[in-house]
Amino acid sequence: MKEIIYKIRSYSESVEVLDQLQAGYRIILDIENVERTEAQRVIDFLCGGIYIIKGQIQQINSFTYLCLPVGDINIDDDQ
């Protein structure tokens, strides 16, 4: 499975992240450079889109998320 690392700088870039998830890529998302309120909009948008495509999202740390497309390995709290 291919992975892409995104360092998001604005909400408008979140559509591209979702497009890549739909194409089957794993996404490592870094939102450190996004204003807090805009970062929350990005995560809310992605959570909704990931739900629709039956993918998964897991917070790695305060600014990093792992987004998985449908059919990828389940995220487990023990990992």
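Every number here is computed from the coordinates shown, using simple stated rules; none is lab data. What you are looking at is a predicted structure, and each value in this text was computed from that prediction instead of being measured. So basically every Cβ, Gly included, is an ideal-geometry build from the backbone, and we count neighbours across all protein chains shown.
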Practice item. Tell me, please, whether a residue that is assigned to a helix (DSSP H, G or I), free of Cβ contacts under 8 Å to residues at least 24 places away in the same chain and farther than 11 Å from Pro69 by Cα can be found in region 1-11. Key: no
**Study point:** Residues (surrounded by 12 or more Cβ atoms within 10 Å (Cβ to Cβ), out of contact with any strand residue (DSSP E or B) (no Cβ under 6 Å at 6 or more places or on another chain) and either among the aromatic types (Phe, Trp, Tyr) or without any contact (Cβ under 8 Å) to a residue 12 or more places away in the chain (or both)) located in region 17-38
**Key:** Glu35
